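Read through the structure below, which is laid out as structure tokens, and then see the notes.
The values are calculated or read from the model by the stated rules, or taken from the named source; none is laboratory data. In this text, all values refer to a predicted model and were calculated from it rather than measured experimentally. Don't worry about glycine lacking a Cβ; one is built from the backbone with ideal geometry, like all the others, and counts go over all protein chains shown.
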């Protein structure tokens, strides 16, 4: 049994807006084992992004408990990295400088060779050296997202939180970047909590899918497809069966 | 914006200028307007040519006052905006006074400034600064505060200090707003310098355009006066073009996401 990376118990998030109370998370429990990719799946506005922000320490839960590797978020926030829906690169910085940013804010450990680390991570996400000095506006959507992932990886996070990172990209590009994520997990053993509303993406990427229902996890579905995933798995009957099962669960939980 | 070829864009306004000058010339003859009221365009040209050295040195003095006033208002305005961005308490307490700065008629307080600071170059710079500071404060403040939420979250997750967020995120984000403010303020700084000089008068050894205009008006040298007004206009244009060049540089360096989708 792998150690637990993220443990949420009875999480509740209530937003009060001019006396109107809106419950976003309603006693949510979620466990994410270390080294796994877990997908949060649900329709838009169901609270999955809020959960991600709570895990990241960006939104305070109204009640409930949250542990990151057995400690509070505040203590372990440095072990997390967040990939935003838009690439969120700083437009005045080059790709290289954007990836460098986290270590300009944090204190780099002694003996940390930042330049070679940046080069490694940029190569890992598929950047050619002559693109390193480009500004974000000179990059395509896919390259921006690669740079954004590189920036998240540069701090060697134990846990990567991704909030619909590929929602704005076309299908071809989306599956390329899905493969990139799988490659990263294989090489770095990073735990990932991935938010999406794309069922095929959820199945292809994850070890396990958490389907949202009314501010809680309605169903947890383990994806028992062979790992490491090959692109060809998408055309197998097992994948199709899994697709059917997940979309049925999604429909059931959305209407619950 | 303007798709006409460059030759047309240059020729059209010049052509219009020539037509207006001819009409002006004919009108003065036709209505027998005395030269003290309105000299003929050629007389104005002649006057400009005759006093070209004075106009140039006057423009240089005024330019220095305006540029210095703009520089000071940029420094102080940006500093005030940074203070504003750091605390909503400071903002709430001080903002009404900043509005006051904007609404007070500068022509009314210029005499007071002369009483306090003396009839000298320094006072002219002060007037120019006061009149041009508001767009800097308001633009830079809004630039420092309207930061992309994702960027703020990114900095928070790295545990960035207030100082790091200011230096690495807020200030670079606000550069474009600063340049926008400068575009408005540069014209105001020239106005401020000329108003200041009008009040200060010819006190120093080298007079700016405003002081020269004061003297010309007193001596009913209308042709010279019109020449000086043209020099003022030209001065404003030069300063504006300089800021435009700065703006283009800032846009190039600080381009925002255009977000095209295809991957290579």
Check your understanding: Restricting attention to the range B:182-205, does a residue exist that is over 24 Å from residue B:231 (Cβ atoms) and either in contact with a strand residue (DSSP E or B) (Cβ under 7 Å, 6 or more places away or on another chain) or touching a residue at least 60 places away in the same chain (Cβ under 8 Å) (or both)?
Key -> no
Exercise for review: Could you tell me whether any residue of the range A:90-99 is surrounded by 18 or more Cβ atoms within 10 Å (Cβ to Cβ), closer than 24 Å to residue A:202 by Cβ and modelled with pLDDT of 90 or more?
Suggested key: no
Revision key, fill the gap. Requiring at least 2 residues that are at positive phi and touching a residue at least 40 places away in the same chain (Cβ under 8 Å), the helices (runs of 4 or more DSSP H) wholly within the range A:161-255 are none
Practice item. Assess whether residue B:138 counts as being within 21 Å of the chain's Cα centre (by Cα), part of a helix (DSSP H, G or I), within 16 Å of residue B:66 (Cβ to Cβ) and touching a residue at least 40 places away in the same chain (Cβ under 8 Å). Key: no
Practice item. Would you kindly identify the strands (runs of 3 or more DSSP E) lying entirely within the range A:24-141 that contain at least 2 residues that are facing another protein chain (nearest Cβ under 10 Å)? Key: A:80-83
Check your understanding: Going by the conditions given, is residue B:182 within 14 Å of chain A (Cβ to nearest Cβ), modelled with pLDDT of 90 or more, within 29 Å of residue B:123 (Cβ to Cβ) and surrounded by 15 or more Cβ atoms within 10 Å (Cβ to Cβ)?
Key -> no
Study note, to complete from the structure: Taking first residues from the range B:154-172 that are more than 8 Å from chain A (Cβ to nearest Cβ) and touching a residue at least 60 places away in the same chain (Cβ under 8 Å) and second residues anywhere that are outside any helix (DSSP H, G or I) and buried (at least 16 other Cβ atoms within 10 Å of the Cβ), the pairs with Cβ under 7 Å that are 6 or more apart or on different chains are B:170/B:147
**Study point:** Which listed residue, of A:173, A:169, A:225, is crowded, with 20+ Cβ neighbours inside 10 Å, modelled with pLDDT under 90 and over 22 Å from residue A:6 (Cβ atoms)
**Key:** A:169
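Any residue that is surrounded by 19 or more Cβ atoms within 10 Å (Cβ to Cβ) and either without any contact (Cβ under 8 Å) to a residue 60 or more places away in the chain or within 14 Å of chain A (Cβ to nearest Cβ) (or both) - is there at least one of those in the range B:126-133?
no
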Point to revise | Number of positions in the range B:217-264 that are at pLDDT 75 or above, in contact with a helix residue (DSSP H, G or I) (Cβ under 8 Å, 6 or more places away or on another chain) and assigned to a loop (DSSP other than H, G, I, E, B) | key: 1
